[in-house]
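Written out below as structure tokens is the structure these notes cover.
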């Protein structure tokens, strides 16, 4: 489903749900794979896990400006008070 002018709010929500589900599945698979390889290095001697990147987490949460702008645009597009 392509993002376009004729997409409803439900279409955008469905696309977002699919993207979140894909990210979640990828993350869980990665965690399970890394744990399995780490716990049995003899069996998986041919597998080399990459070094883990340490993410810097800010003390206060923040959303990217583009994300905020996109959310505001979607709200304005679908909210009857702006039309």
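Every read-out reported here was derived from the displayed coordinates using simple, explicitly stated rules and does not represent laboratory data. Since the structure is predicted, the reported quantities are computational estimates derived from the model, not experimental observations. Quick reminder, even Gly has a Cβ in these numbers, built from the backbone with ideal geometry, and neighbours come from all protein chains shown.
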How far apart, in nanometres, would the label points at residue 29 and residue 49 be if each is projected 7 angstrom from Cα along the Cα-to-Cβ direction? 1.8
Inter-label distance, nm, simple model (7 Å from Cα along the C-beta direction), residue 38/residue 76: 4.6
Computed over segment 20-73, the Cα gyration tensor eigenvalues, each multiplied by 5 and square-rooted, give semi-axes in Å (largest first) of 35, 15, 8
